[in-house]
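The values are calculated or read from the model by the stated rules, or taken from the named source; none is laboratory data. Remember, predicted model here, so these are calculated numbers, not experimental data. Note: ideal-geometry Cβ built from the backbone for every residue, glycine included; neighbour counts use all protein chains shown.
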Amino acid sequence: MFRTKNILLVKHLIGVLCLLISETMYAQISLDSVIVTGQMKNSTIDLSVQKVKVIDRAKMDKMGAISLRDVLTNELNFRITQDAVLGSRISVQGLSGSQVKILMDGVPIIGRLDGNIDLNQINLNNIERIEIIEGPMSVIYGTDASAGVINLITKKNSKNVYDINVNIYHDNKGNYNYDFGGTKKIKKSLLGISIGRYLFDGWDPNEDPYKRKMQWKPKEQYFTNIYYNFNLGKTTHRISANYYREFLLSLGSPNVTPFDAKGIDDHFITNRSQLTWQADRKIGKRGAFSFLNSYSFYQRKRNEYVKDLVTGNQALSANMENQDTTRFALLQLRGNYIRQNKKGNYTSQMGYDINADQAAGKKFGGAKNYINDYALFFNNEYKPSSKLNIKLGFRFAYNTRFSVPVTPMFGLRYQLNKNHVIRFSASRGFRAPTLKELTFMFVDANHIVLGNDSLKAERSGNLQINYSYTKPLKKERSIKVEATAFYNRLNNMITLLQLDAATNLNKYVNIDKFASKGGTLQLAYYSPVFTFKTGISRTGLNNYFNQIDKFFYYREINFSADYKFKKYNSSISFFYKLNGKQQKYIYDENGNIEVAYINPWQWMDVSFNKKIAKQHIQIIAGIKNLMNVSSVNSTLKDGPHTQAGPSPIGMGRTFFLTFKYDFSKMLK
């Protein structure tokens, strides 16, 4: 239950915001932002057949966002959970993160642990915007895209000969982020680089005097990106290299005797690198060819140390079972040809997509394991009139381990008039089990995690309908209302299930059926100085546990507001989200069926943004997690490192300060 004063605070803030809406404050809606995710050619949000959500750089800055986790915390239909060691994971429309494909400039980010990418490991230092499509995107992006796609778009262009910027972030919970970025134009080419370091001291709600057994583990991250854009004849090329390194320290409780004091600590070292070569070339007046070749490597090393707490000396533990290195690699070769007819009302796309996955390590039996996927995909978009767009696509694939069905997709966009637009999509999804889910084996004193070579591939279906109404008002103001309904159905859903509570035995298994359904209603008001957005969603989950056919529903409410003080080059921003109680069926310790739950919680952020020194310097100060939430009661076990009980949500009320220095204008 929420505290009465918190509810009164929310009601008061809603009242203030409603009063602000009634005033003559002005902002402009941006429906002409160019998007690339899921498109045959660059399109705009308003003209896209699929519903696309865009989070721009300005919003990331005002939220004080360091990682992808920070950005998605306030979004409707997104639920973020935390594992003590594996980090933050996501669910979309009730579907787990294993069905969500996370890309950077169209290249998959690899390194899934327990089926999820740790969102804390995706730093936003050089990200220009984030594009999100909810619902199956398997036709274009293949496996792991049954629930949607999140594409992080990096900075690629510059109007200046030189661009140099420095960003510094500090908060009172021991988070420190420093990054540097710069570009240099060389004739018609562009060279860019960004380098950063993130440091976290660790945090625990119980304030352990020994500062060892922390709920949020201390970590250090380094990240860099180098890219070079150039033209060869009529072809545009982009070569980029990304590198990421994290050191995470999991300190064990001190073991003190009359003779010594020791602690058993785990060191987790993650390395992720990515090399990419992209090229685009126009062919004639109406055709274009592009390709994307990439190689990604991921390594996670775990070492157990015994530390003498008196002298500070440490040595590797003699328990070799807790010394391990896991490696993943992905080679992707992807290309497509797009052609438009003379009338411009029909566009076709033909493409190939080759993915070669590799996993190695002691947890995979000590040998290299492979799984390859070869696919052809076809998309067609027809515009029989100025009001109607119809999109039809198919994917034909061959997988070296699983039989892959033909994956179809159908979508349409119908504009009733200049204010009303309807979008509809029906699509199929496919996800092959990962090498980890098939062959993984890990045993230690705390838990056992086993793969399952008998797993079946997941097959999914999705229906989605979206209605939007946009009303331009006087003085560059506008209102937008949007309603969405969705239904997802998964067969053979793969999940990590606890089979024995006494030994914490977990194994990857198939669940015959899983379904989610729900809808969202959103309202937005835009003017030159004031923006307000609010929404509500209701989602039902049904895992057909032991043939029980019942949906459990939960709700979410969010709203955000931004007011600009143009005279002072400043603004104030406010973000809020209510996450409702979520339930599902599980087995208890005795093998009986029970309803597990995670209680509701609220999240609220506020920030103040000010530009000084002729807008060369930007200062952002704010408070994250204003409601001071650290954990909520839960009986859901959300990973092999978590137990039923208080579930970690945040690090309490956090005060942050960001400095952004832009030297571009100084260098002109």
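For the subset of segment 397-409 comprising residues that are surrounded by fewer than 14 Cβ atoms within 10 Å (Cβ to Cβ) and not β-branched (Val, Ile, Thr), which member is nearest to residue 354 (Cα to Cα)? Per the criteria, the residue is 398.
Matching residues to (1) of a type in the set (Phe, Trp, Tyr); (2) more than 26 Å from residue 83 (Cα to Cα); (3) at pLDDT 95 or above:
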{"residue": "483", "(1), (2), (3)": "no, yes, yes"}
{"residue": "496", "(1), (2), (3)": "no, no, no"}
{"residue": "522", "(1), (2), (3)": "no, yes, yes"}
{"residue": "543", "(1), (2), (3)": "no, no, no"}
{"residue": "547", "(1), (2), (3)": "no, yes, no"}
{"residue": "556", "(1), (2), (3)": "no, no, yes"}
{"residue": "572", "(1), (2), (3)": "no, yes, yes"}
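One line per residue, one yes/no per condition, for (1) under 30 Å from residue 656 (Cβ atoms); (2) surrounded by fewer than 18 Cβ atoms within 10 Å (Cβ to Cβ); (3) at pLDDT below 50:
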position	(1), (2), (3)
2	yes, yes, yes
5	yes, yes, yes
14	yes, yes, yes
19	yes, yes, yes
33	yes, yes, no
42	no, yes, no
46	no, yes, no
56	yes, yes, no
59	yes, no, no
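Looking only at segment 200-216, decide whether some residue is assigned to a strand (DSSP E or B), closer than 23 Å to residue 128 by Cβ and not hydroxyl-bearing (Ser, Thr, Tyr). Taking every residue of segment 200-216 in turn, none turns out to be assigned to a strand (DSSP E or B), closer than 23 Å to residue 128 by Cβ and not hydroxyl-bearing (Ser, Thr, Tyr). Among the residues of segment 179-201, those identified as touching a residue at least 40 places away in the same chain (Cβ under 8 Å) and surrounded by fewer than 18 Cβ atoms within 10 Å (Cβ to Cβ) are 188, 189.
Filtering segment 240-291 to residues that are among the β-branched types (Val, Ile, Thr) and over 30 Å from residue 344 (Cβ atoms) leaves 256, 257, 264, 269, 270, 276. Taking residue 232, is it surrounded by 15 or more Cβ atoms within 10 Å (Cβ to Cβ) and farther than 13 Å from residue 126 by Cα? The answer is no for residue 232. State yes or no: is residue 51 part of a loop (DSSP other than H, G, I, E, B), surrounded by fewer than 17 Cβ atoms within 10 Å (Cβ to Cβ) and at pLDDT 50 or above? So residue 51 fails the test. When you go through 387, 342, 363 one by one, which is the residue that is of a type in the set (Lys, Arg) and within 29 Å of the chain's Cα centre (by Cα)? Unique residue meeting the criteria: 363.
Test residue 65 against the stated conditions and say whether it is more than 30 Å from residue 339 (Cα to Cα), touching a residue at least 40 places away in the same chain (Cβ under 8 Å) and small (Gly, Ala, Ser).
Considered against the rule, which asks whether it is more than 30 Å from residue 339 (Cα to Cα), touching a residue at least 40 places away in the same chain (Cβ under 8 Å) and small (Gly, Ala, Ser), residue 65 comes out as yes.
When residue 204 is tested against (1) of a type outside the set (A, V, I, L, M, F, W, C); (2) crowded, with 16+ Cβ neighbours inside 10 Å; (3) under 26 Å from residue 36 (Cβ atoms), just one condition goes unmet, and that condition is (3). When residue 139 is tested against (1) under 30 Å from residue 452 (Cα atoms); (2) surrounded by fewer than 23 Cβ atoms within 10 Å (Cβ to Cβ), just one condition goes unmet, and that condition is (2).
When segment 544-593 is filtered for residues that are over 30 Å from residue 613 (Cβ atoms), within 22 Å of the chain's Cα centre (by Cα) and in a strand (DSSP E or B), the ones remaining, listed by number, are 554, 555, 556, 557, 558, 559, 576, 577, 578, 579, 582. Based on what the data block shows, is residue 573 of a type in the set (S, T, N, Q), within 30 Å of residue 425 (Cα to Cα) and either surrounded by fewer than 18 Cβ atoms within 10 Å (Cβ to Cβ) or touching a residue at least 12 places away in the same chain (Cβ under 8 Å) (or both)? Taking the combined requirement at face value, the residue does not satisfy it. Every residue in segment 536-557 that is surrounded by 21 or more Cβ atoms within 10 Å (Cβ to Cβ), touching a Phe, Trp or Tyr at 6+ places or on another chain (Cβ under 7 Å) and not hydroxyl-bearing (Ser, Thr, Tyr), please. Residues satisfying the conditions are 541, 543. Taken as a whole, segment 303-310 holds at least one residue that is of a type in the set (Val, Ile, Thr), more than 33 Å from the chain's Cα centre (by Cα), surrounded by 16 or more Cβ atoms within 10 Å (Cβ to Cβ) and on the phi < 0 side of the Ramachandran plot. Looking at residue 72, is it closer than 17 Å to residue 133 by Cα and in contact with a strand residue (DSSP E or B) (Cβ under 6 Å, 6 or more places away or on another chain)? Yes: the conditions hold for residue 72. Kindly establish whether residue 470 is farther than 30 Å from residue 522 by Cα, among the hydroxyl-bearing types (Ser, Thr, Tyr) and touching a residue at least 60 places away in the same chain (Cβ under 8 Å). In short, no.
The one condition from (1) within 20 Å of residue 50 (Cβ to Cβ); (2) over 12 Å from the mean Cα position of the chain (by Cα) that residue 149 does not meet is (2). In the set (1) touching a helix residue (DSSP H, G or I) at 6+ places or on another chain (Cβ under 7 Å); (2) closer than 30 Å to residue 304 by Cβ; (3) part of a strand (DSSP E or B), the condition left unmet by residue 430 is number (2). So, residue 499, is that one among the hydrophobic types (A, V, I, L, M, F, W, C) and surrounded by fewer than 18 Cβ atoms within 10 Å (Cβ to Cβ) or not? For residue 499, the condition - among the hydrophobic types (A, V, I, L, M, F, W, C) and surrounded by fewer than 18 Cβ atoms within 10 Å (Cβ to Cβ) - is met. When 93, 82 are screened for being within 19 Å of residue 144 (Cα to Cα), crowded, with 19+ Cβ neighbours inside 10 Å and in contact (Cβ under 8 Å) with a residue 60 or more places away in the chain, only 93 passes.
How do the pairs read when you match residues in segment 253-265 that are aliphatic (A, V, I, L, M) with residues anywhere that are in a strand (DSSP E or B), using Cβ under 9 Å and keeping only pairs 6 or more apart or on different chains? Pairs that qualify, where the first residue is aliphatic (A, V, I, L, M) and the partner is in a strand (DSSP E or B), are 256/262; 261/255; 261/308; 264/255; 264/304; 264/305; 264/306; 264/307.
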